[in-house]
Amino acid sequence: MMLIIAGMTFREVLSKKIFYIVLVLTAMFLVVYGIALHFAVQDINKWGGVRNIQARLIFSQLLSLGLYFSTFMVALMAVFSTVGSVSGEIETGTIQAVIAKPLKRSELILGKFLGYTVMMLSYSIVIYLGILGITFISTGYEPSGLFSGLTSFLLIPLLLLVVSLCGSTFLSTMANGIMVFMLYIIGMVGGMVEQIGSMIENTALVNIGILSSLVMPSDALYRKMVFGLLTGPDNPVTAFNPFSTMYPPSGIMTVYTIAYLLIVLFAAIRIFNRRDI
Amino acid sequence: MVIKTEGLTKWYGNKLGCRDICLSVSEGQVFGFLGQNGAGKSTLVKMLVGLIFPTSGRAEILGRPLGDREVKKRIGFLPETFRYQEWLTGYQLMKFHASLYKMPGSAGRERIEEVLQLVRLKGHEHYKIRTYSKGMQQRLGLAAALLPDPDLLILDEPTSAMDPLGRKEVRDLILKLKSAGKTIFLNSHLLSEVEVVCDHVALIKKGRIIAGGSIGELKAGKIEVEMIIGNYNDVINRSLAEKGYKPWRENERVMVTVDSRDKIPVIAEIVINNGGSLYRLTPLHNSLENLFLELMQEGGENDADHCRDDLQGSA
Ligand SMILES: Nc1ncnc2c1ncn2[C@@H]1O[C@H](COP(=O)(O)OP(=O)(O)OP(=O)(O)O)[C@@H](O)[C@H]1O
Ligand SMILES: [Mg+2]
């Protein structure tokens with residue numbers, strides 16, 4: 001049953017023009033990033049290539065820039081594709097005939113979750129490998145901790161997807177979109193506040209940052225990923241810029257995120273089980 | 001009993017959906033649920049199919065409490081909105097629904113052909129639902145509801161978007177299903193339709209059931225009598241009114257309404273004893289429509305706080 005709903009969810013996405021537009025735009029994004037990198041590399045190679053500390057610093061910054069916007073894109077995709085997943089169907093009424101069928105409401109939610117997850121994970125993996133691949137090919141810059149970076153990167157769309165799916169079980173599509181987007185911004189601002197707090201050693205700021213990361217861990221995941229990728233045994237800690245990080249969140253963040261995710265998914269099922277349609 | 005509800009009540013916040021609904025629908029009945037817009041018809045069927053949850057009261061369908069999944073396999077439901085995944089073709093939608101009913105592939109395919117034929121969508125099934133007209137979409141919804149060859153078919157205004165021919169086809173379809181022993185619960189505000197296909201009806205007003213029973217009974221309840229009277233005078237008029245028959249005149253015709261057949265000679269007597277020349281007296285069969293309008297106007301005074309036996313349309 002879950003698989004039937006997942007398949008239908010997947011087909012719904014494939015049936016939309018916007019899906020193909022997004023694919024084309026994503027490809028364009030990767031191409032633009034590649035071209036920018038190419039010209040940067042031409043200049044920087046005059047300094048002695050990837051073995052030069054200065055050059056490595058710049059490459060890592062370019063990479064963090066690429067990753068930053070990739071995260072942003074993936075996050076937007078996750079939110080927009082799921083924002084009306086339940087509420088939209090309630091608003092149009094397409095859900096009515098489905099609920100009357102011999103299927104549990106939880107199967108409907110889990111099915112949708114599964115469908116969107118497969119879709120978002122594939123999309124995110126392509127972007128992640130695309131950005132890192134392009135960077136490696138044109139600069140020879142090899143980030144460390146590829147796999148744990150990928151884990152953090154994939155958790156971001158997953159997290160937003162679940163929050164947005166949960167919101168759509170009790171909010172209108174519009175209200176849900178606003179809520180998830182605000183949460184995402186809170187996470188982002190919180191992340192910056194925390195970094196500034198760490199830098200000037202202000203505990204109040206750090207605490208505010210941590211608190212907002214607990215409310216929405218998306219930015220914490222991003223910083224964890226960037227820190228892991230760009231600071232290894234042979235990579236210097238990057239200078240402060242809004243896209244990278246010097247103070248990574250602790251490893252507990254990943255565990256926290258997974259627990260967060262499961263709780264929100266569970267909440268979505270509970271809420272949907274009780275609601276009138 | 002295929003459907004049995006006891007005091008089923010739904011409040012939307014502090015807005016009443018329906019209240020104290022007590023119904024019994026037995027096997028093989030075509031049950032008409034009649035009411036004006038906003039009376040609470042859809043509210044009731046939504047509770048029956050598990051879209052909304054009752055505030056209080058109980059209900060059983062096919063002997064099981066609401067929400068039972070085995071029972072849901074035996075129910076076909078056409079929602080009043082009849083909106084479907086419009087990016088699918090009609091055929092793909094049927095396959096989706098067949099899989100939701102857990103129908104195995106080959107049997108499913110055969111049945112899909114059958115129901116498409118039944119609702120006359122054959123030839124359109126490979127177009128996207130997006131391109132269907134409203135009536136075609138409702139036909140598709142009907143096909144989806146018929147898919148599992150359900151023992152109980154719940155139709156919420158099944159012909160609201162259909163042309164006269166479509167209405168007739170649905171009517172014939174319902175009669176055919178009835179003769180196959182299926183039970184049908186039909187929401188409608190189209191009396192003419194209900195009158196033709198249903199054997200039992202319940203009338204709902206402002207969330208409460210105000211009358212119900214078999215169509216025959218309901219029609220027998222009140223009889224309109226048409227008379228042609230010479231020398232019609234005030235005395236006759238007053239005497240009839242005093243006895244509670246409320247006469248009214250249309251040209252030379254005098255009309256009265258009586259509760260039962262027994263009262264017909266009584267009226268004749270009044271007319272003759274008061275000097276009227278009775279040329280003709282014709283009992284007219286009250287059409288359900290008149291009854292319907294009458295009931296709707298009378299208001300919901302007859303309180304339905306508890307189940308009343310006469311509301312139970314036992315076969
Ligand atoms: N989701 C809802 N929230 C609040 N009130 C509702 C809701 N749905 C229905 N109602 C109210 O419940 C009452 C019954 O509505 P219902 O849809 O059952 O009527 P209906 O008999 O099906 O009417 P129609 O013939 O127009 O379909 C109405 O007064 C309506 O305003
Ligand atoms: Mg209705």
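Restricting attention to region A:15-31, the residues that are within 14 Å of chain B (Cβ to nearest Cβ) and either open to solvent by less than 70 Å² (accessible area, probe 1.4 Å) or at pLDDT 90 or above (or both) total 3. The residue that is farthest from the other protein chains (Cβ to nearest Cβ), counting only those in region A:89-114 that are under 16 Å from A:Leu161 (Cβ atoms) and open to solvent by 20 Å² or more (accessible area, probe 1.4 Å), is A:Phe113. Within the option set B:Thr43, B:Thr81, being among the hydroxyl-bearing types (Ser, Thr, Tyr), within 26 Å of A:Met8 (Cα to Cα) and either within 16 Å of ligand 2 (Cβ to nearest atom) or not in a loop (DSSP other than H, G, I, E, B) (or both) holds for one residue only, B:Thr81. Restricting attention to region B:46-65, and to residues there that are out of contact with any strand residue (DSSP E or B) (no Cβ under 7 Å at 6 or more places or on another chain) and open to solvent by 20 Å² or more (accessible area, probe 1.4 Å), which single residue is nearest to ligand 2 (Cβ to nearest atom)? If we take residues in region B:46-65 being out of contact with any strand residue (DSSP E or B) (no Cβ under 7 Å at 6 or more places or on another chain) and open to solvent by 20 Å² or more (accessible area, probe 1.4 Å), then B:Lys46 is nearest to ligand 2 (Cβ to nearest atom). On the stretch given as region A:32-56, residues that are at pLDDT below 80, farther than 12 Å from A:Thr139 by Cβ and open to solvent by less than 90 Å² (accessible area, probe 1.4 Å) total 1. Scan region A:174-228 residue by residue and report those that are basic (Lys, Arg) and open to solvent by 10 Å² or more (accessible area, probe 1.4 Å). If the condition is that a residue be basic (Lys, Arg) and open to solvent by 10 Å² or more (accessible area, probe 1.4 Å), then A:Lys224 is the only one that fits. Pairs meeting the criteria (first residue in region B:196-215 and without any contact (Cβ under 8 Å) to a residue 24 or more places away in the chain, second residue not in a loop (DSSP other than H, G, I, E, B), beta carbons under 9 Å, at least 6 apart or on different chains) are lacking. In region B:205-262, counting only strands (runs of 3 or more DSSP E) that sit wholly within it, the ones holding 1 or more residues that are of a type in the set (Gly, Ala, Ser) and open to solvent by less than 30 Å² (accessible area, probe 1.4 Å) span B:208-214, B:223-230.
The set of residues in region B:91-111 that are modelled with pLDDT of 95 or more and either in contact with a Phe, Trp or Tyr (Cβ under 8 Å, 6 or more places away or on another chain) or on the phi > 0 side of the Ramachandran plot (or both) contains only B:Leu93.
Flag: B:Leu93 does not match the condition of being hydrophobic (A, V, I, L, M, F, W, C), open to solvent by 50 Å² or more (accessible area, probe 1.4 Å) and more than 16 Å from ligand 2 (Cβ to nearest atom).
The values are calculated or read from the model by the stated rules, or taken from the named source; none is laboratory data. In this text, all values refer to a predicted model and were calculated from it rather than measured experimentally. Counting neighbours? That spans all protein chains shown, and the Cβs are built from the backbone with ideal geometry, glycine included. When the accessible area is computed, the model is the full protein with side chains, heavy atoms only, and any ligands, DNA or RNA have been set aside. Shrake-Rupley method; radii C 1.70, N 1.55, O 1.52, S 1.80 Å.
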